[in-house]
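Each remark here refers to the structure printed beneath this line.
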Amino acid sequence: MRKCSWKAKGALWISEINWPLKDTGNFSPCKGSVLVDEQIQANYLTRAYLMAIASGQIRTCYWHQLVAPGYGLVDNRGDEAIRRPSYHAFKALNSLYNEANILHFDNGNYAGIQGLYSIRARTLLAGKPTIVQAFWSNSGEHQIDFNEADRWLDQNGDTLVFENETNISISGSVLYALSQDSSAV
């Protein structure tokens with residue numbers, strides 16, 4: 001879409017984006033092979049929004065609908081609303097990148113590895129200048145040697161602890177590396 005929107009000059013609005021869910025019956029707007037499970041929906045949501053942010057061409061992108069059994073971030077069937085993995089992924093993404101300035105985007109070739117993506121940004125987290133870098137793969141699992149992180153978060157924003165903190169496994173779920181922004185000190 002970014003390549004097709006060369007006339008928009010950063011003002012492109014995406015009015016509806018979503019991925020319909022498997023096992024939601026008539027609540028899903030689609031049938032067949034386009035249906036995904038809840039974790040894949042969360043992966044796709046996070047990666048799509050990160051690429052929209054990094055493109056510099058997308059002004060606004062709306063999820064269609066936030067609460068809906070067949071494709072929403074929240075399932076409202078039954079007595080209580082259930083927050084899906086995509087809800088938690090969207091919440092983490094928003095808290096990390098809401099006011100971030102994109103520094104660099106490796107569009108599928110991070111560290112020379114085909115299919116490995118990375119977006120590096122500068123932001124304020126808890127009032128502290130922070131570099132946040134998102135990693136994911138569209139082509140299986142990859143190992144990277146990355147020793148710049150003070151802290152790692154999973155796609156939902158939960159802290160991760162690795163046995164070997166420099167050899168990190170990257171797959172379809174986004175991982176976030178956070179480090180102090182030494183240029184702001």
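Every number in this text was worked out from the coordinates using simple rules, so none of it is lab data. Since the model is a prediction, treat every value here as computed from it, not as a measurement. Here the Cβ is made from the backbone with ideal geometry for all residues, glycine too, and neighbour counts use every protein chain on show.
Once the chain from Ser33 to Arg122 is taken as fully extended at 0.36 nm per residue, the excess over their C-alpha distance is 28.2 nm.
The orientation-averaged projection of the convex hull spanning the C-alpha atoms of region 82-133 amounts to 4.5 square nanometres.
Given +1 at the Cβ of Lys and Arg, -1 at the Cβ of Asp and Glu and no other charges, the dipole of region 3-97 around its Cα centre is 560 debye to the nearest 20. Considering only Val74, Val34, Gly172, and ranking their Cα positions along the charge dipole of the chain that arises from unit charges at the beta-carbon of Lys, Arg, Asp and Glu, the one farthest toward the positive end is Val34. Counted over all Cα-Cα pairs of region 101-184, pairs farther apart than 20 Å make up 29 percent. A Cβ-based charge dipole, computed about the Cα centre of the chain with Lys and Arg at +1 and Asp and Glu at -1, lands at about 960 debye.
If r is the Cβ-Cβ distance from Asn26 to Asp158 and R0 is 41 Å, what FRET efficiency results, to the nearest 0.05?
Step by step, r from the Cβ atoms, then E = 0.75.
To the nearest ten degrees, helix 38-55 and the longest principal axis of the Cα atoms of the chain are 60 degrees apart. In the elastic network of the chain, a GNM with C-alpha springs shorter than 10 Å, the most mobile of Ala126, Ala100, Ala68 is Ala126.
If a paramagnetic tag sat 7 Å from the Cα of Ser182 along the Cα-Cβ line, which residues of region 129-145 would have the backbone N under 13 Å from that point? Counting only backbone N, you get 131.
Considering the options Gln114, Trp152, Leu125, tell which one lies farthest towards the positive end of the dipole of region 101-184, charges being +1 on Lys and Arg and -1 on Asp and Glu at the Cβ, about the Cα centre. Value: Leu125.
When Rg and the Kirkwood Rh are both derived from Cα coordinates, the Rg/Rh ratio for the chain amounts to 0.98. Each label point was placed 7 Å from the Cα along the Cα-to-Cβ direction; for Asn109 and Ser169 their separation is 2.8 nm.
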